[in-house]
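The values are calculated or read from the model by the stated rules, or taken from the named source; none is laboratory data. Not measured: the values here are computed from a predicted model. Here Cβ is always computed from backbone atoms with ideal geometry, including for glycine, and neighbour counts include all displayed protein chains.
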Ligand code: FES
C-alpha cells in the first residue's frame, strides 16, 4: 500500500479505495468529513470500528458532518432525521437510509471505497 504523500497530502489510491485518514485519527464517537473524487464522505468511529457514508443527507442534502453523533445515533442538524450510525439505516424516518462506503484499515490508514453501496438491509 502507498501512504498519503506527506508533501502534497494527496490520498493514496489502491483497488478502488482511497486512504483518507490515519487509523488513529478519530477518537471513538467522533466523525469527520473527507473529499473523495469531489464527493463529501462522512467517516465515523464507533466501538473502535470505522464506518463511512456519503456525507449528504438523503432528505434535502445538508452536510451530515454538521449533525450530532450521540452513541450510535446520527442526527442531521437541518430537520432532525435520525440514522443508526452503525448501519446507515434510518431510525426516523424508518424508510430513509444512507449510502454506505466500504472501509478497510491497513498499514496505519483508513481506506474508503470510491463507490457507494446501499445501507445494510438488516433491520
Ligand atoms: S436535510 Fe437532513 S433532515 Fe433534512
Sort out which residues of region 42-70 are modelled with pLDDT of 95 or more, assigned to a loop (DSSP other than H, G, I, E, B) and either near the ligand (Cβ under 9 Å from one of its atoms) or surrounded by fewer than 21 Cβ atoms within 10 Å (Cβ to Cβ) (or both), and write them in order of number. 57, 58, 59, 60, 61, 62, 67
Residues being farther than 22 Å from residue 21 by Cβ and crowded, with 18+ Cβ neighbours inside 10 Å: count how many of those fall in region 85-97. 4
Scan region 75-84 and tell me whether some residue there is out of contact with any helix residue (DSSP H, G or I) (no Cβ under 8 Å at 6 or more places or on another chain), at pLDDT 95 or above and more than 13 Å from the ligand (Cβ to nearest atom). yes
Condition test on residue 108, is it in contact (Cβ under 8 Å) with a residue 12 or more places away in the chain and on the phi > 0 side of the Ramachandran plot? yes
Among all residue pairs at least 6 apart or on different chains, which show Cβ distances below 7 Å where the first residue, located in region 57-74, is within 16 Å of residue 39 (Cα to Cα) and the second is part of a helix (DSSP H, G or I)? 57/64
